[in-house]
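Computed from the coordinates by the stated procedures, all read-outs in this text should not be read as laboratory data. Predicted model only: the values in this text are computed from it and were never measured. Methodologically, a virtual Cβ is constructed for each residue, glycine included, from the backbone with ideal geometry; neighbour enumeration extends over all protein chains shown.
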Amino acid sequence: MFSIERQDLGPNFTFGTATAAYQIEGGQTDGRGTCIWDTFAATPGNVKHRHDGAVACDHYNRWPEDLDLIRDGGFDAYRFSLAWPRLIPEGIGAVNQKGLDFYDRLIDGMLERGLKPFATLYHWDLPSALMDRGGWMNRDIAGWFAEYAALVGNRFGDRLAATATINEPWCVAFLSHFLGIHAPGYRDLRAAARAMHHVLLAHGTAIDALRGEGAKNLGIVLNLEKTEPASGKPEDLDAENIGDALFNRWYLGGVFKGVYPVELTTALAPWLPEGFEKDMETVSRPLDWLGINYYTRGIYAGDRDAGLFGGRRIAGDLETSDLGWEIHPKGLEDLLVRVSREYTRVPLYVTETGMSETDDARRVKFYDDHLRAVANAQAQGADVRGFFAWSLLDNYEWAEGYTSRFGIVHVDYATQVRTPKGSYRAFQGMLHNTR
Ligand code: FCB
């Protein structure tokens, strides 16, 4: 049970659950093209047990049961992503009719159940054919992504309650092109710098394309972390400043102010695409809402040898999830207040938070505490309109494969049987009959 009650978040607050296509769909059939995660997962050393998304939660076939679960939990909305390679197998050009049909069924299925569809265009499944051309390192992706966005806007736009362009551009750019942890697994500063800019440029061109097709209520989903210095020493404060710039301010500043942090444009100057400044108007197109994904805080210490630009992340001493991520609800409260004071007054949604854990009682407390953090942020003036639990189902947790369980519903991968956990029941108890 939660201690917080629905009305503590205000009368029109939207509660939902979130998933992403590659993590649950499976269904690599009916004309779907391959994506960078298919090959990244097949390459030894990248993903635990070399797990991949070939079957995942078989949501491609079991989606009616999954939508029933969301409805029966009392949720108002479902945040899902569309798979670019299912809709346009080569990334550009020919459209896959069976892919269109699948998302028609899925979106209509949400509407029939009274669920508001919150769509994400890109949750990391870049078509392989576009990776062959350089993927996010190639400026042309701004046009490729706009073509895909126009298709989605044209075909589904009038049925979507909200649409986000990109999920977590920091992960798309930095985690995947500098840290090498996600596909395509690059560890290269020039690759990262180019992806950091192109991902936001493509966001802007996609916003234009969606608007051009009449789609409404458009936004982006940023993952943000509360950054803290290891101590008050000047080198730790500098490290925290760079960490905050790399994780948070690059994206918030680019999208809402049309400016990147000067520390980074200076440090990355040799590698950023030439003339990037001319794109900043496109990067900062007006938005209707902002999604924030929040999981943990980041502590930074000065390190001139091993750190990037003089700093690196170190472990903290708070309680952690089973992935070792520190649990810090106050960080969510502080970020929501910061974003609404310093960056934007558009409505904010917590589009993901959650915990990898087998002891579900801890997950119940996690959600209770994070919902309270949202209420606290609202009390300080942050216009937070919704909260989506990550995730509806245990699913393919990227480089962790199927070893990590974020679901409020348990999935037995051998049988595909779904079993609601206590955390699902806690949401249901709070939300029931209030929809
Ligand atoms: C976020 C991703 C999501 C999931 C959670 C745990 O970074 O958006 O797909 O993997 O983390």
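Couple of notes before you dig in:
- Cα-based convex hull volume of the stretch 6-431 per residue, rounded to whole Å³: 129 Å³
- Put a dot 7 Å past the Cα of Asn217, heading toward its Cβ, do the same for Asp68, and the two dots end up 2.6 nm apart.
- Separation in nanometres of the label points that stand 7 Å from Cα toward Cβ, at Asp383 and Trp271: 3.7 nm
- Simple spin-label estimate for Val262 and Ala42 in nanometres, 7 Å along Cα-Cβ: 4.9 nm
- With R₀ fixed at 30 Å, the C-beta to C-beta distance from Ala414 to Arg362 puts the FRET efficiency at about 0.75.
- Note on Ser3 and Ala315: the extension gain reaches 109.3 nm, defined as 0.36 nm multiplied by sequence separation minus the Cα-Cα distance.
- Shape summary: the stretch 121-201 maps onto an equivalent ellipsoid whose semi-axes, from the alpha-carbon gyration tensor, are 24, 13, 10 Å in decreasing order.
- Here the peptides 316-327, 383-394, 88-99 are ranked by packing, the mean other Cβ count within 10 Å, and the order with the highest first is 383-394, 88-99, 316-327.
- Bridgeable lysines around Lys98 (alpha carbons under 22 Å apart, same-chain partners fewer than 8 residues away excluded) are absent.
- Where a label projected 7 Å from the Cα of Leu111 along Cα→Cβ would reach, residues of the stretch 122-160 with amide N under 17 Å: 152-160
- All lysines inside 16 Å of Lys421 as judged from Cα atoms, apart from same-chain residues fewer than 8 positions distant: Lys365
- Its alpha carbons considered, the stretch 1-154 gives a radius of gyration followed by a Dmax of 17.2, 51 Å.
- Efficiency of FRET between Asp288 and Val95 - r from beta-carbon atoms, R0 30 angstrom, step 0.05: 0.65
- The sum of -39500 (n - 2.57) across all DSSP H runs of n ≥ 4, divided by the residue count of the chain, sets its helix-only mean residue ellipticity at 222 nm to -11000 deg cm²/dmol.
- Backbone N within the stretch 378-411 under 16 Å of label point (7 Å from Ala54 Cα along the Cβ vector): 396, 401-402
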